[in-house]
Amino acid sequence: MSQRTAGLTMWETVPRLLAQHRYLVLGTADGEGRPWASPVFFAADGQHRVLWVSSPDSRHSRNVAARPEVAITVFDMAAPVGGAEAIYLEATAGPAADDARAADLALLNTRLPTGHQLVPEDLEPAGPLLVYQAAISRHFVLIRGGDARFDNVTDARLPVFPADPEHTTHTT
């Protein structure tokens, strides 16, 4: 199987894992390049944008302000060793647009349990939180070492992409 064919066939992993999981690991770096990783509750808006809320004073938010390029990993922490699936995302992050606040909040609330939903007063300027977004530029999936479909002994990442990037579905 060619890498392009594999990248097209394995694309389905992206929307499935974005829909199944509630947390991502957000990799950021400060202005001097010191890395930081944070678990973050998220909601996917399609396969090319993820949202989360955070305090602008948190370390990862300060890092995003200084250096908006981020790395994201979504995976099942409870998977047995050797049975993991993961997606890796390269993205540019920052505060979401104010004019999209209501829609972004509604999308985030679809992923929160009843009684724990966010309200506009939770967000700045009245509240302590801000909605952040990551615009995803590249998607990769984990290929476990020894996968019979590939010639890899160790774990690897395979770039993946939708067959028709103009018609990707939204996940909630």
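The values are calculated or read from the model by the stated rules, or taken from the named source; none is laboratory data. Because the structure is predicted, anything quoted here is derived from the model rather than measured. Quick reminder, even Gly has a Cβ in these numbers, built from the backbone with ideal geometry, and neighbours come from all protein chains shown. In case anyone asks, the SASA skips ligands and DNA or RNA and just uses the protein heavy atoms, side chains included. Shrake-Rupley method; radii C 1.70, N 1.55, O 1.52, S 1.80 Å.
Tell me, what is the FRET efficiency for ARG101 and ALA65 to the nearest 0.05, using R0 = 22 angstrom and their Cβ-Cβ distance as r?
Approximately 0.75, to the nearest 0.05.
Given contacts defined as C-alpha pairs under 8 Å and at least six residues apart, what's the relative contact order of the chain, whole-number percent? Kindly include the intermediate steps, with their values, before the conclusion.
Working: 327 pairs, mean separation 48.2, N = 172.
Computed value for the chain: 28 percent relative contact order.
Estimated at 0.36 nm per residue, the fully extended path between ASP122 and ASP30 surpasses their Cα-Cα distance by 30.5 nm. Using a probe radius of 1.4 angstrom, the carbon and sulfur fraction of the accessible surface of the chain is 56%. Each of the trypsin sites (Lys or Arg not before Pro) that DSSP puts in a loop and that has at most 14 other Cβ atoms within 10 Å breaks the chain; the longest unbroken stretch is 23-148.
For GLU85, the residues 5 or more places off, or on other chains, whose built amide H falls under 5 Å of its own are ASP76.
Subtracting the Cα-Cα distance from 0.36 nm times the residue separation, let me have the gained length for THR92 to ALA163 in nm, one decimal.
23.3 nm
Normalised by 2.2 N^0.38 Å, where N counts its residues, the alpha-carbon radius of gyration of the chain equals 1.08.
Around the amide H of ASP45, modelled in the peptide plane, lie the amide H atoms of VAL50, LEU51, all under 5 Å away and 5 or more residues distant in sequence or on another chain. Summed over the residues of the stretch 44-172 and divided among them, the accessible surface reaches 56 Å² per residue at a probe radius of 1.4 Å.
Taking loop as defined by DSSP and a crowding limit of 12 other beta carbons within 10 Å, which GluC sites (Glu not before Pro) in the stretch 27-127 fit? Before the final figure, lay out each step's value.
On the way: sites: GLU32, GLU69, GLU85, GLU90, GLU121; in loops: GLU32, GLU85.
For GluC sites (Glu not before Pro) across the stretch 27-127 that sit outside H, G, I, E and B with at most 12 neighbouring Cβ atoms in 10 Å, the list reads GLU32.
Counting each DSSP H run of 4 or more residues in the chain as -39500 (n - 2.57), what helix-only mean residue ellipticity at 222 nm follows after dividing by all residues, to the nearest 500 deg cm²/dmol? Value at 222 nm, helices only, nearest 500: -5000 deg cm²/dmol.
Computed 3J(HN,Hα) for the stretch 90-105, one whole-Hz value per residue from the Karplus formula 6.51 cos²θ - 1.76 cosθ + 1.60 where θ = phi - 60°, is 9, 8, 10, 10, x, x, 6, 5, 4, 6, 9, 3, 4, 5, 5, 5, glycine and proline marked x. The gain in end-to-end length when the VAL81 to PHE41 segment is fully stretched comes to 12.0 nm, 0.36 nm per residue minus the alpha carbon separation.
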